[in-house]
Amino acid sequence: MNIAIIGAGATGMAAAYDLSIKGHSPKIYEASAFMGGHASTFDVGGTQLERGYHHWFTNDIDIINLLNEIGLGNEIKWFESKVGTLVNGKIYPFGTPLDLLRFSAINILDRLRLGLATLYIQKKMNFKDFENITASNWLSKNVGKNAYEIFWEPMLRGKFGEKFYDKISMAWIWGKVHTRLASRGSNFSKEKLGYPMGSFAQIFDVLSDKIKNSGGEINLSTLVNKVVTNKDKFIGLEISEKNSIKRLIKFDACLVTTPSHIFEKLVGDDLSLAYKNKIASIKYMSAVLIVLVLNKPLTDRYWLNIADRSIPFVAVIEHTNFIDSSNYSDKHIVYLSNYLDKDNYMYSMSHEELLEHYIPHLVKINPDFNSDWIETSYHHKIDYAQPIVGINYSKNIPDHKTPIQGLYLANTSQVYPEDRGTNYSVRMGRNLANTIMQSF
Ligand SMILES: Cc1cc2nc3c(=O)[nH]c(=O)nc-3n(C[C@H](O)[C@H](O)[C@H](O)COP(=O)(O)OP(=O)(O)OC[C@H]3O[C@@H](n4cnc5c(N)ncnc54)[C@H](O)[C@@H]3O)c2cc1C
């Protein structure tokens, strides 16, 4: 069967791997010059590092299984997560129930309510119980206004910004709580996070070799301009090659792994109104990251939530408090993270402007910080980074099988109720490969 895949991210590569080992020879078309999409990497002093921080939970079994299958299982290393929250200039560690009891930024009653509410969410097995209420409503009622504002609200603001943080469905929090608590084994054990020691680049390289060795093709720097259809049937792709020449290539089926809005533009008018309406209802946040390479550690935390609205970024992710700095020539790597909508003033700032904007706030995290610690920095803007999960989100998720025969869609907006992640992209890609094979 002649199958096209648009996008060489985790979804497209996982689908292509399964199709190729089952004897089909998929052809991937990827607009960028590199594989990996949102999980792609860049060079930091000779070592590959993800453009946006990445880790796995112990229950991310689909991607763990894939790595075992392709011979990279031993590359996954697990380390205790070091999470913290910055409140009023103090960093509170946040890894165990004991840390919660010691969280003196809120009173003891609020701490107990916070713990009990988390246990309640964990006991509820059906996310649908939480679908039609916003997280801000449910949490402020059930953990109390103060605990909500100091603990949960900064996380919601962190992921969805000023504009959307109070519109997020409680089902999204349900997904987060279930994933993270399941990842601990029991409530009282410390959370472990995993990382592929050769970086995500190694995964995409090995997948690429296996796909090509089984007869598949990966065409980088190849933009798909148009999905060509005839009434309700998929015909082929119009692509732009490196020399800008456009050509039409015919296929039996196509899996599109681009964000939904790009998918809609690629297909155009042939999509049904009902399907278009679902796509139109999906909104995304962009991730904007400054990556600092420091000659000293900034904190002792891997993940620091910032519950201080005078600081213009929402999380500090110190990668080298997770993966040892010896892997990065003894440098300390820190992501300053924001999820922004495109109207936010920081979205359009240049690298230098954003760095200048952020630097004065780093002393609020470590009073000894000095800008001489910064050896170099990078600026990454990742669009369509996080779908905005509003109430009753499940009703608006477009089907993987589109109304056009032979055309399939698989992207992060269809991951639900779990939060999007490479594990779910791999699961989705492999499921879709199966669906496509069975349909012929
Ligand atoms: C900042 C950040 C942090 C994250 N942290 C984690 C984490 O800790 N753990 C985790 O598991 N996951 C994490 N994720 C999520 C994870 O990266 C994504 O869920 C996953 O990589 C999505 O893969 P995908 O293949 O579905 O989409 P994408 O990676 O977006 O791939 C789609 C591909 O399609 C290509 N494309 C688009 N338009 C065209 C076109 N017209 N023609 C050809 N190609 C096109 C794009 O270039 C892209 O490569 C994070 C994401 C971000 C942004």
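Overview of values
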| item | result |
| --- | --- |
| Filtered residues of the range 322-345 (kept if buried (at least 16 other Cβ atoms within 10 Å of the Cβ) and under 20 Å from Tyr384 (Cβ atoms)) | Tyr335, Ser337, Asn338, Tyr339, Leu340, Asp341, Asn344 |
| Any hit, the range 300-321, residues being crowded, with 16+ Cβ neighbours inside 10 Å, out of contact with any helix residue (DSSP H, G or I) (no Cβ under 9 Å at 6 or more places or on another chain), part of a helix (DSSP H, G or I) and not aliphatic (A, V, I, L, M) | yes |
| Residue in the range 186-200 that is modelled with the lowest pLDDT, counting only those that are over 26 Å from Arg430 (Cβ atoms) and open to solvent by less than 50 Å² (accessible area, probe 1.4 Å) | Asn187 |
| Unmet criterion (only one of (1) in the same structural domain as Pro26 (by TED's automatic domain parsing); (2) surrounded by 18 or more Cβ atoms within 10 Å (Cβ to Cβ); (3) more than 16 Å from the ligand (Cβ to nearest atom)) for Thr412 | (3) |
| Top-ranked residue of the range 360-376 - restricted to ones that are touching a strand residue (DSSP E or B) at 6+ places or on another chain (Cβ under 8 Å) and in a helix (DSSP H, G or I), ranked as surrounded by the fewest Cβ atoms within 10 Å (Cβ to Cβ) | Lys364 |
| Residue that is open to solvent by less than 30 Å² (accessible area, probe 1.4 Å), within 16 Å of the ligand (Cβ to nearest atom), assigned to a helix (DSSP H, G or I) and out of contact with any Cys (no Cβ under 7 Å at 6 or more places or on another chain), where the choices are Ile203, Ile173, Ile218 | Ile203 |
| From His351, His357, His380, residue being under 24 Å from Glu50 (Cβ atoms), touching a Leu at 6+ places or on another chain (Cβ under 7 Å) and assigned by TED's automatic domain parsing to the domain that holds Asp308 | His380 |
| Members of the range 1-53 found to be hydrophobic (A, V, I, L, M, F, W, C), open to solvent by 30 Å² or more (accessible area, probe 1.4 Å) and more than 15 Å from the ligand (Cβ to nearest atom), listed by number | Met1, Ile21 |
| Evaluation of Tyr92 against (1) within 16 Å of Trp152 (Cα to Cα); (2) in a strand (DSSP E or B); (3) in contact (Cβ under 8 Å) with a residue 60 or more places away in the chain (one fails), failing number | (3) |
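The values are calculated or read from the model by the stated rules, or taken from the named source; none is laboratory data. As the structure is a computational prediction, the values presented were derived from the model and not from experiment. For neighbour counting, all protein chains shown are included, and Cβ atoms are generated from backbone atoms with ideal geometry for every residue, glycine included. To get the accessible areas, we keep the full protein, side chains included, count just its heavy atoms, and leave off ligands, DNA and RNA. Shrake-Rupley method; radii C 1.70, N 1.55, O 1.52, S 1.80 Å.
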